[in-house]
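Here the structure comes first, spelled out in structure tokens, and everything after it is commentary.
The values are calculated or read from the model by the stated rules, or taken from the named source; none is laboratory data. What you are looking at is a predicted structure, and each value in this text was computed from that prediction instead of being measured. Neighbour counts are summed over all protein chains in view; Cβ atoms, including those assigned to glycine, are modelled from backbone coordinates with ideal geometry.
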Amino acid sequence: MPRNFDPFEKFAWPIARNFMPDKNLPLVEFIDIWNSVMHDLISSQIPVLPYVPERRELPPRVLRVRTAWRGIESILADLIQRFRVRGGRCLEFGVEFGYSTAALSCFFDELTGVDLFTGDKHTLDQRDIFSETSERLFRFRNVRLVRSDYRRWIARDHTLYDLIHVDIVHTYVDTFTCGLWSALHAPCVLFHDTVSFLEVRRAVSAIALLTGKRFYNFEESNGLGILVS
Ligand SMILES: C[S@@+](CC[C@H](N)C(=O)[O-])C[C@H]1O[C@@H](n2cnc3c(N)ncnc32)[C@H](O)[C@@H]1O
């Protein structure tokens, strides 16, 4: 399907003509208008393809911890086979108690999990959980946990991965920033909460538009966006 790779050309004209907000508008309102103009343009251009798994099976590492990810572990084998994801290196942004980390680690030689381990405005738990999560995952020898802000990590890491999972704070700007970097560093990127957070879904659409990747969506378990080349 042909795509416009110069999105600025398209959304520049309504702004230049009648949509230019009053220069005295507060910054937050200006960003909201900008986001909505961008979103209208993006949503009309990016098809969201339904992801329907052909089979479901539990991987061997399933933790008994609180998570909104439950259900996705059972489609990983199907997804990895469908999109021909290689089993070398996996990177995850957003580990929390380790549910997705443990499940994903069943399919890769090595997995690096990056998290602040102090929660965010959308998580129920804002304690420091680095030690308890590290102890829980210690037995999985191919898993390495790093306490870091994703911004610090992406400023320094120039390597490539086979798959990256993004499940951090669910704002548009953080998902877009982390997700765009991820889409440039892996052929397959997963985004959790594309159904429960509209901002996440919008950010994934924008990344698909900018990178020319296909956007599949699994509607269950709060939604899993899948960007593939
Ligand atoms: C929704 S939880 C992750 C859930 C997990 N993937 C699971 O399987 O249940 C989001 C996590 O993102 C982390 N986080 C939020 N903002 C972050 C940032 N700027 N950099 C790194 N991690 C962040 C939080 O500490 C929290 O543990």
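Just checking, does region 109-126 include any residue being surrounded by 15 or more Cβ atoms within 10 Å (Cβ to Cβ), hydroxyl-bearing (Ser, Thr, Tyr) and under 16 Å from Tyr150 (Cα atoms)?
The answer is yes, given that some residue of region 109-126 is surrounded by 15 or more Cβ atoms within 10 Å (Cβ to Cβ), hydroxyl-bearing (Ser, Thr, Tyr) and under 16 Å from Tyr150 (Cα atoms).
When residues of region 203-229 are filtered for being of a type outside the set (S, T, N, Q), under 20 Å from Glu73 (Cβ atoms) and part of a strand (DSSP E or B), how many remain?
Within region 203-229, the subset of a type outside the set (S, T, N, Q) is 203-204, 206-210, 212-216, 218-220, 223-228.
Right, trim to under 20 Å from Glu73 (Cβ atoms) and you get 216, 218-220, 223-228.
Cutting the leftovers down to part of a strand (DSSP E or B) gives us 216, 218, 224-228.
Of the residues in region 203-229, 7 are of a type outside the set (S, T, N, Q), under 20 Å from Glu73 (Cβ atoms) and part of a strand (DSSP E or B).
Table: residues versus (1) at pLDDT below 95; (2) part of a helix (DSSP H, G or I).
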residue: Asn24; (1), (2): yes, no
residue: Ile31; (1), (2): yes, yes
residue: Trp34; (1), (2): yes, yes
residue: Val37; (1), (2): yes, yes
residue: Arg66; (1), (2): no, no
residue: Leu91; (1), (2): no, no
residue: Phe97; (1), (2): no, no
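Looking only at region 140-186, count every residue that is within 15 Å of the ligand (Cβ to nearest atom) and part of a loop (DSSP other than H, G, I, E, B) and tell me the total.
Result for region 140-186: 9.
For every residue, the table says whether it meets (1) in contact (Cβ under 8 Å) with a residue 60 or more places away in the chain; (2) within 12 Å of the ligand (Cβ to nearest atom); (3) touching a strand residue (DSSP E or B) at 6+ places or on another chain (Cβ under 9 Å).
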site	(1), (2), (3)
Met38	yes, no, no
Arg55	no, no, no
Ala77	no, no, no
Ser100	yes, yes, yes
Leu104	yes, yes, yes
Phe108	no, no, yes
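Looking at region 181-202, which of its residues are touching a Leu at 6+ places or on another chain (Cβ under 9 Å), of a type outside the set (Asp, Glu) and surrounded by 19 or more Cβ atoms within 10 Å (Cβ to Cβ)?
Ser182, Ala183, Ala186, Cys188, Val189, Leu190, Phe191, His192, Thr194
Which residues, taken from region 57-74, are touching a residue at least 24 places away in the same chain (Cβ under 8 Å), within 14 Å of the ligand (Cβ to nearest atom) and of a type outside the set (Gly, Ala, Ser)?
Pro59, Arg61, Val62, Leu63, Val65, Arg66, Thr67, Trp69, Arg70, Ile72, Glu73
State whether one or more residues within region 110-131 are within 15 Å of Val65 (Cα to Cα), touching a residue at least 60 places away in the same chain (Cβ under 8 Å) and either not assigned by TED's automatic domain parsing to the domain that holds His192 or not in a loop (DSSP other than H, G, I, E, B) (or both).
no
Can you tell me how many residues in region 76-98 are crowded, with 22+ Cβ neighbours inside 10 Å and closer than 25 Å to Phe176 by Cβ?
Residues meeting the conditions: 8.
Could you check Leu137 against (1) more than 16 Å from the ligand (Cβ to nearest atom); (2) modelled with pLDDT of 95 or more and say which number it fails?
Result: Leu137 fails condition (1) only.
Which of the residues that make up region 83-98 are more than 11 Å from the ligand (Cβ to nearest atom), in contact (Cβ under 8 Å) with a residue 24 or more places away in the chain and out of contact with any Phe, Trp or Tyr (no Cβ under 8 Å at 6 or more places or on another chain)? Steps first, answer last, please.
At the first step, the residues of region 83-98 found to be more than 11 Å from the ligand (Cβ to nearest atom) are 83-91.
Applying the additional criterion that residues be in contact (Cβ under 8 Å) with a residue 24 or more places away in the chain yields 83, 85-91.
Residues satisfying the conditions are Phe83, Arg86.
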